[in-house]
Amino acid sequence: MDRKYVDYYKVIFKNLGRESQERMCIEEMSELTKELCKRSRYAGTDKENEVCDNIIEELADVLNCVEQLVYIYGEDKVEEVRKAKFKRFFDKYKFD
């Protein structure tokens, strides 16, 4: 989690609440999903750059929302689970 935004998260949760931001995260993830689906559809067309710009916009929104949830649910807990998931992945696939 990018610690430089923690003060923003505190203000957001104080004013909007956790449930509001959880719903916002769902909405933003949905918008990112939609743009990622468009990418292959518009590959090689004049809309491809616009779609890529939209993906970047939605990625920023999702990262902001996800980091807010990490802050709420506990950075240490999330980091512990992330490490375990990476370990399990690399144990499974045995990359060099």
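The values are calculated or read from the model by the stated rules, or taken from the named source; none is laboratory data. This is a predicted model, so every value here is computed, not measured. Here the Cβ positions follow ideal geometry from the backbone for every residue, glycine too, while neighbour counts run over all protein chains shown. Accessible surface areas use protein heavy atoms only, side chains included; no ligands, DNA or RNA. Shrake-Rupley method; radii C 1.70, N 1.55, O 1.52, S 1.80 Å.
Within region 36-50, identify whether any single residue is within 29 Å of G74 (Cβ to Cβ) and within 17 Å of the chain's Cα centre (by Cα), and answer yes or no. The answer is yes; a qualifying residue exists. Pairs are defined by a Cβ separation below 7 Å, a sequence spacing of at least 6 or placement on different chains, a first member in region 1-13 that is within 11 Å of Q68 (Cα to Cα), and a second member that is among the aromatic types (F, W, Y) and surrounded by 13 or more Cβ atoms within 10 Å (Cβ to Cβ); the pairs so defined are M1/Y71; V6/Y71; Y9/Y71.
Here the helices (runs of 4 or more DSSP H) wholly within the chain that include at least 2 residues being among the charged types (D, E, K, R) and open to solvent by less than 90 Å² (accessible area, probe 1.4 Å) are 18-42, 48-73, 75-93.
Report, ordered by the first and then the second residue, all pairs with beta carbons closer than 9 Å, sequence separation of six or more or different chains, a first member in region 63-86 that is over 13 Å from D2 (Cα atoms), and a second member that is outside any helix (DSSP H, G or I) and hydrophobic (A, V, I, L, M, F, W, C). The qualifying pairs are V78/M1.
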